[in-house]
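First up is the structure itself, then whatever we jot down about it.
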Amino acid sequence: MTHTTDTTLDRPPTGSVPPRKLIVATGMGQVIEWFDWTLYAAFAPFFAARFFPEGAGGSDGLLAAFGIYAIGFFFRPLGGVLFGHLADRFGRAVIFNFTVLMMAAGSLAIAVVPTYDTIGIAAPLILLFARIVQGLSAGGEMPASTALVTESVPGERRAFYASTIFVGTGIGVLLASLLGWLLTSSLSTEQMTSYGWRIPFAVGAIVGLFALLLRRSLELPEQLVPSQAPTERAKKAGLGRNLAELFRKQPGGVLRIIGVGVGGTVGFYAITVYMPTYLKLETGMDSSTAFMVNCLALGVYSALPPLTGLLSDRTGRRPVMGWTSLAFAVVLVPIGGLLSSSVAVTLPCLLVAVILLSGFHGPFPALMSEQFSPELRGLGVGVAYSLVTALFGGTATYIASWLGGMGHPQWFFGYVALTALVAAICYYKMPETAEGRRRT
């Protein structure tokens, strides 16, 4: 199998949309997508028994809830393929609005769905359907955002500008944790289990609709740069033909993104999305404090991707992402062993972890775009990123819950460290794609 890397991204033409406007548009979408997406994992301990009553008071209900969480991830590849293809065919900005609307609709459905006691088996089925809709949405947002930004900014600062995608991701998870902190500080456990868990999903739906209106007000043109204008071949080509062409001509890009993405993807879900649940269940930390600690760690994380993105623009993608992945693999198991109900111990451990994670996420959007030619970029990023998040990110919380139920919660950190080591090896093997530093 021949692995080729197309690192050519067209320069933005004179008079194109200013980078600041693009940052607002893409970052805002990521904030909403990840705010709504994270709510499920953050509040699952409170609503699991309402949908899976046989597991009430135990781990079975939570395991079933995280099973639905994982299923939602398996629809991300379909969303990535479908919306990535549509982004290549009709323009990046077209997909922007639709994915945000889908995520908001999923949150609204979860906010209002009756429980198992009211409508029986229909309750978890509606919950599953809502997560499928959100999975399709999340799968479509990343390829459109990544292609849109990287094709429209100066090549020598591509990773710096594109890193705002993960800034939006961090802020979205941070806002979800802040809301969790606020609610668990204001409501009792009984109130959270009764009705409090619905509040964040209602907020997610409202904020999503507001973001849709705000994003449309930016008036992004459907095609921002020449590389986004669909060719005659792209207009006539169907999804099946483009998929065949992707795997025939540029399979290396898909394999590289999966290989290097596994560590950062699993690490992100382990250290940020799942961490409040882990601290509550495994260390005995109360819910409010767990959310607070997670908020502080996410605040630091959200500020760092532009710095690591800028560093990778200057020194290359491989050294920044490779060394931080290796360091993450080395320190994660000791960090997992130190986590406790003490904030003074747990917070510094999490800060070390998120600092290293930012070394992966800052350059990652640029690296993904640099693997594919313009006419297949949306589809390529959609397929590869959605596959790695579905296979590894989506199952991370389920694996953590399963190992915890087996009495071995610490084993999860060994699993995460192993994925980071795999990523570090892939970085060592891959060609450099940073502007002016390409090495084949």
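The values are calculated or read from the model by the stated rules, or taken from the named source; none is laboratory data. Because the structure is a prediction, the values reported are computed rather than measured. Cβ: placed from backbone, ideal geometry, glycine included. Neighbour counts: every protein chain shown. The accessibility values were calculated without ligands, DNA or RNA, using every heavy atom of the protein model including side chains. Shrake-Rupley method; radii C 1.70, N 1.55, O 1.52, S 1.80 Å.
Once you have the Cα-Cα distance between Ser194 and Asp286, take 0.36 nm times their residue separation minus that, and quote the gain in nm to one decimal.
31.3 nm
I'd like the carbon and sulfur percentage of the solvent accessible area for the range 327-440, probe radius 1.4 Å, heavy atoms only, ligands and nucleic acids excluded.
C and S atoms contribute 71 percent here.
What figure in square angstrom, to the nearest 10, would you give for the accessible area of Met102 with a 1.4 Å probe?
We get 30 Å² for Met102.
Given R₀ = 30 Å, FRET efficiency for Asn97-Tyr428 by Cβ-Cβ distance, to 0.05?
For Asn97 and Tyr428, the calculated efficiency is 0.15.
Using a simple spin-label model with points 7 Å from Cα along the Cα→Cβ vector, what separation in nm is obtained for Leu125 and Ala303?
Taking the two extended label points, one gets 5.0 nm.
What's the FRET efficiency of Ala344 with Ser185 using the Cβ-Cβ distance as r and R₀ = 30 Å, to the nearest 0.05?
Efficiency at R0 = 30 Å is approximately 0.90.
Find the accessible area per residue for the range 281-392; the probe is 1.4 Å, ligands and nucleic acids are left out, and the unit is Å².
With the other protein chains kept in place, the range 281-392 gives 29 Å² per residue.
Lys and Arg at +1, Asp and Glu at -1: add these up for the other residues within a Cβ distance under 10 Å of Gly140 and post the number.
Summing Lys/Arg as +1 and Asp/Glu as -1 gives -1.
Describe numerically, in nm with one decimal, the distance between label points set 7 Å from Cα along Cα→Cβ at Glu156 and at Leu213.
A separation of 4.3 nm, rounded to one decimal place.
Based on the Kirkwood radius over alpha-carbon pairs, what is the Stokes-Einstein translational diffusion coefficient of the range 305-406 at 20 °C with 1.002 mPa s viscosity, in µm²/s?
Estimated via Stokes-Einstein, D reaches 137 µm²/s.
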